[in-house]
Every structure is written in C-alpha cells, then in structure tokens.
Amino acid sequence: MFKIGEFSKLTQVSIRMLRYYDETGLLKPAKTDKFTNYRLYSAEQIDVLNKIVFLRDLGFNVAEIAAAMKHWDDGFITDRLENKRLEIEGEIKAAQDKLFKIELAKRDIRQQRIATHYNVSIKSIPSCQVLSLRRIVCDYYAEGELWEEMSAFADKNGIPISNSTFTIYHDTDYRETDVDIEICAPVSRTEKDMCGFTYRTIPSLCRLWHVPWCTDLLKTFRAHTLPSQAGCKLTASIK
C-alpha cells in the first residue's frame, strides 16, 4: 500500500488532484488508516488512475469520466471518444468563426468603417411587391450568404431589383443560433416562385427598426447588385 505522497510521486499526479478524485468519487483510496486517517492506495489503482488521467487530458469532465469508468469496454469507450471528437470539432469551428469575426472587425476598424453611434428610429415602408428568401440560418452573420444567393439568382434570371432592399427578422427576440431571417428586394414584376425564392406583397405601414450602420461586418454580397444594404439595415417582425 502507498501513502498519498508516495502514490503521487509514483503516478506523477499531484496530491491535490488525488484528493479531488477522492472527493468526486472517481478514485477512492483502497483504504484509510483508522489510526492516522492517512489515505492508502494499492498498486492495482495505478491502472485506474491512468485511465482517469487519459480521459481528463482528452477533455472529459468528471461525470463523463465516471460513466466511462463504470462501463469500460472497447465499444463503449470508442463511442464516447467519437462523441468527444465531434464536440471538440464543434468547439474548434466556433473558435474559428470568432477568429474570422475578429479579423473582420480589425479590418473595419483600420478602414474606419465601424460607427461609434447607432441611431435607432421607427420607419414605415409602403406596401410593395418583393422577391423574398426566408431561411433559418446559423447566426446573424450568415445573412450575407443569403444576399449573395439572391444576387446570383437575380443575375441568372435577369430580375431587376430595386435598391430599397431590406431584411426582416421573424424571431420575437435575439437569438444566438437558428435565426429566422427573410431578405426582401422590391421588384417591378413577379415571376414564378422557384428555388426557395418567393414573390409576395409586404403590407403597407409596416413599422421597422431602422439602424444606420457603416460596417460591412455582416454583409459580403455584391454592393452593385444590392447597393442599399451597404448603408442601412431594417429589421421587423412581419408575419
């Protein structure tokens, strides 16, 4: 049997972590001396501790490690490792998205495109016929992809588009993910609905938040096709 200090040196795991694993139930001492209250570990527990450290280093939390230790077999562990791989890939993707947004923000700051003041007001628009594309996208930054798609669709089909384009956000509140966005471009004539694009009439006297902005942080579509989007952004909840 090994005292906790000896076991720590042997396994190269700190005493603090051994006590933590004891408190969380991941690795209880083999026995506790009833006279000195010293924690005592057995040689057989070295393999158990190695498995705990292995999973910890891969990003498993205490609950996940406990479940893995309880059902340790090749099939179960392989499944848990695959789940962790997918989780880490998602975290990497989220981090890459943040890095991309940081680079966009840095570029806009250098080019003095980011406005320091935003004037929010209510604006009405008259009833109009629009070419609409509505989709649930991953986040607000994905709106630019919708405008690129509409730009390509309009060019391909020879559809003239007014420069008074706007965006409708159908969610009742701000969302981190799964944003319900509809982009609208007024048109002078209607065609057959196709490829997810719809012609519809926006009712008159719709009250819209009108937020002037000077950054192209969210927009990457072609300005010559949809020029108004570089200067303003309209949001509303029109059902």
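Summary of computed values
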{"read-out": "Qualifying GluC sites (Glu not before Pro) for region 5-60 [loop in DSSP, other Cβ within 10 Å: at most 11]", "value": "Glu44"}
{"read-out": "Unsatisfied cross-links (Cα-Cα over 23 Å) in the set Lys3/Lys34; Lys31/Lys51; Lys106/Lys156; Lys34/Lys70; Lys3/Lys28", "value": "Lys106/Lys156; Lys34/Lys70"}
{"read-out": "Between region 126-200 and region 16-66, the alpha-carbon center distance in angstrom", "value": "57"}
{"read-out": "Backbone HN-Hα couplings from phi across region 86-96 [Karplus 6.51/-1.76/1.60, Hz, Gly and Pro as x]", "value": "5, 4, 5, 4, x, 5, 5, 4, 4, 5, 5"}
{"read-out": "Region 1-83: proportion of alpha-carbon pairs further apart than 22 angstrom, %", "value": "27"}
{"read-out": "Using a Förster distance of 22 Å, the FRET efficiency for Ile102-Asp178 (Cβ separation, nearest 0.05)", "value": "0.45"}
{"read-out": "Restricting region 150-208 to trypsin sites (Lys or Arg not before Pro) in coil, as DSSP defines it, with at most 13 other Cβ within 10 Å", "value": "Arg175, Arg189, Lys192"}
{"read-out": "Computed over region 75-196, Cα set: Rg, Dmax in Å", "value": "19.5, 63"}
{"read-out": "FRET efficiency, 1/(1 + (r/R0)^6) with R0 25 Å, evaluated for His71 and Ser14 via beta carbons", "value": "0.35"}
{"read-out": "Neighbour cut-off at most 13 other Cβ (10 Å), DSSP loop, chymotrypsin sites (Phe, Trp or Tyr not before Pro), region 161-196", "value": "Tyr174"}
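Every number in this text was worked out from the coordinates using simple rules, so none of it is lab data. Note that this is a predicted model, so its numbers are computed, not measured. Every residue, glycine among them, receives a Cβ derived from its backbone with ideal geometry; neighbour counts consider all protein chains shown.
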